[in-house]
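S.K.: Have a look at this one.
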Amino acid sequence: MSTVVSVCSAICIVAIGGALISIIIPDGNTKKILSLVLGAFLLCSMILPVKNAINDMNLEIGDFPKEKQITASADEAYTDSVIKETENTLAKTLDGLLKSENINVKRIRVYLKEDENLGIIISRISIYIDKKNNSKVFRIKEITEENFGQTPFVIAE
């Protein structure tokens, strides 16, 4: 805003100064030449601030990520959220299966990963149980292998 005010005040000062000089100078060739010079000076005083403002604008588009990077980041974020949600759903499903067999566990952790064909596979299942449920480890492994095709790591705490 202060730039606009300073530009407007400079143009006003140049216009008023040109008008005063134009009044003082007598008619003739000198007045015509001086009017041309003052007109050019006034025009330059209007164009120069605009030119400086354009030069001051910093339009470096090289710093922005490319379209492929943005798309890749969005795809990775979506894949990560799908994997996390699927891990939670599988853990709840396994917990429900174990509870239906009267086996209570502390927590279940299902780890998924992407395979080379961009599919999602179970890489590991960890089941944490109380030490008093140690006798049920075989049944826990049996249920997990039967339903998930994966041998779990059963950890007694």
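S.K.: Does anyone have the angle between helix 29-56 and the longest principal axis of the chain? Alpha-carbon axes, 0 to 90°, nearest 10?
M.R.: Computed tilt is about 10 degrees.
S.K.: Would you work out the relative contact order for the chain, in percent, from Cα pairs under 8 angstrom that are 6 or more residues apart? Before the final figure, lay out the partial values.
M.R.: Values: 119 pairs, mean separation 21.3, N = 157.
Once normalised by length, the contact order is 14 percent.
S.K.: Gap in Å between the Cα centre of the range 26-41 and the Cα centre of the range 78-138?
M.R.: Taking the Cα centre of the range 26-41 as reference, the centre of the range 78-138 is 90 Å away.
S.K.: At most 14 other Cβ atoms within 10 Å plus a DSSP loop assignment makes a site exposed; report the longest stretch of the chain without any exposed trypsin sites (Lys or Arg not before Pro).
M.R.: On the way: sites that count: Lys66, Lys106.
Longest run free of exposed loop sites: 1-65.
S.K.: Quick check: pseudo-label points 7 Å beyond the Cα along Cα→Cβ at Glu145 and Asp130, how many nm apart are they?
M.R.: Between Glu145 and Asp130, the label points sit 2.7 nm apart.
S.K.: So how far apart, in nm, are the two label points at Ser6 and Asp80 if each is 7 Å from Cα heading toward Cβ?
M.R.: 4.5
S.K.: Just going by the charge dipole of the chain, with Lys and Arg at +1 and Asp and Glu at -1 on Cβ, which of Ser9, Leu94, Ile140 is farthest out on the positive end?
M.R.: Final value for the positive-end residue is Ser9.
S.K.: Taking 0.36 nm per residue of separation and subtracting the Cα-Cα distance, what length does fully extending Ile47 through Ser100 add?
M.R.: On the way: separation 53, 0.36 × 53 = 19.08 nm, distance 8.20 nm.
Extra length available between Ile47 and Ser100 comes to 10.9 nm.
S.K.: Another question, if that's okay. Among the lysines, which fall within straight-line cross-link reach of Lys131, defined as a Cα-Cα distance under 19 Å, with same-chain neighbours fewer than 8 residues apart omitted?
M.R.: Lys99, Lys106, Lys141
S.K.: Got a sec? Charge dipole of the chain, +1 on Cβ for Lys and Arg, -1 for Asp and Glu; which of Ile127, Ile21, Val82 is way out at the positive end?
M.R.: My answer, from the dipole projection, is Ile21.
Read the figures in this text as sums done on the coordinates, not as results from a lab. All of these numbers come straight from a predicted model, not from anything done at the bench. As a convention, Cβ positions derive from the backbone with ideal geometry for all residues, glycine included, and neighbour counts pool all protein chains shown.
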